[in-house]
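A quick write-up on the structure given underneath.
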Amino acid sequence: MITDIAVERVEFRCPDSHWQSMVDYDVVLYLDADGDTWEFFSVDGVPTPSPYTIDGARFCPVCHRAVPGKPVARRFIPVPPGDDRTPRQAVSDPENHRAERHDLPLLSGAPEEP
């Protein structure tokens with residue numbers, strides 16, 4: 001079960017070369033069937049390791065040091081409601097519902113170089 005959805009803007013800043021970059025990550029927190037909580041990160045729909053760990057760190061293009069990220073902003077996305085009658089709208093034809101959005105350009109989470 002999904003318990004939290006957000007977009008997190010993560011800053012990577014090399015203390016040696018002063019290189020910096022920002023990337024927007026989609027983050028989902030969920031409980032598995034055993035009740036364990038897991039965190040899932042992706043950028044532009046591609047799964048990725050946590051940017052806050054060495055495994056998900058970006059490499060400084062100047063000194064090639066692994067630079068773990070730090071969160072600088074977060075946008076919370078409400079988890080879809082249950083039967084509590086919060087605002088929602090039934091979709092009778094999911095394939096054709098707002099079909100124009102299928103051809104829209106991707107909002108990239110790619111690095112922003114200052």
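Just so you know, all these numbers are worked out from the coordinates, no wet-lab data involved. Because the structure is a prediction, the values reported are computed rather than measured. For neighbour counting, all protein chains shown are included, and Cβ atoms are generated from backbone atoms with ideal geometry for every residue, glycine included.
Across the stretch 2-78, the volume of the C-alpha convex hull divided among the residues equals 91 Å³ per residue.
A dipole drawn for the stretch 2-78 from +1 and -1 charges on Cβ atoms has a positive end, and of Ala57, Val27, Pro78 the residue lying farthest that way is Ala57. A Cβ-based charge dipole, computed about the Cα centre of the chain with Lys and Arg at +1 and Asp and Glu at -1, lands at about 460 debye.
Note on Trp38, Trp19: ascending count of other Cβ atoms within 10 Å places them as Trp38, Trp19, the fewest first.
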